[in-house]
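Working notes for the structure below.
The values are calculated or read from the model by the stated rules, or taken from the named source; none is laboratory data. Just so it is clear, the model here is predicted, and its values are computed rather than measured. Positions of Cβ are backbone-derived with ideal geometry, glycine not excepted, and every protein chain shown enters the neighbour counts.
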């Protein structure tokens, strides 16, 4: 059996992105995007830059056994994925579409800078995104 790059793919990337070095995100998204045709789907979770800063402080004080291994944060995952040809939708746990009765309060707005946040992302491959971006400059 071979990998058919002519059929849409479904990719799920959870708990890996924020553990990767910032430069490694390109090593992940470039091949995934190249192997994906229009109509492919991607699901991923991201954490904000502030979450990484908190993890860095935990590492320095030898606390936060989970957080201290985090290295990559992104406040606008949809913009990052747009650069690779994906149309992304982003929600936070607790918002409409990602609550499921588990959260009593909504998370802070994404417009509030410097807050710790988690983002759940679904994206659909759309090569026209890259075409538009390259021709608008």
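Tabulated values for the structure
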{"item": "Residue that is modelled with pLDDT under 85, over 30 Å from residue 37 (Cβ atoms) and in contact with a helix residue (DSSP H, G or I) (Cβ under 7 Å, 6 or more places away or on another chain), where the choices are 63, 116, 68", "result": "68"}
{"item": "Residues being under 14 Å from the mean Cα position of the chain (by Cα) and in a helix (DSSP H, G or I) - total across the stretch 34-46", "result": "0"}
{"item": "Single residue of 98, 58, 20 found to be under 19 Å from residue 122 (Cβ atoms) and either modelled with pLDDT of 95 or more or surrounded by 11 or more Cβ atoms within 10 Å (Cβ to Cβ) (or both)", "result": "98"}
{"item": "Yes/no for residue 73 being in a loop (DSSP other than H, G, I, E, B), at pLDDT 85 or above and in contact with a strand residue (DSSP E or B) (Cβ under 6 Å, 6 or more places away or on another chain)", "result": "yes"}
{"item": "For residue 28: the one exception among (1) touching a helix residue (DSSP H, G or I) at 6+ places or on another chain (Cβ under 9 Å); (2) in contact (Cβ under 8 Å) with a residue 60 or more places away in the chain; (3) not in a loop (DSSP other than H, G, I, E, B)", "result": "(2)"}
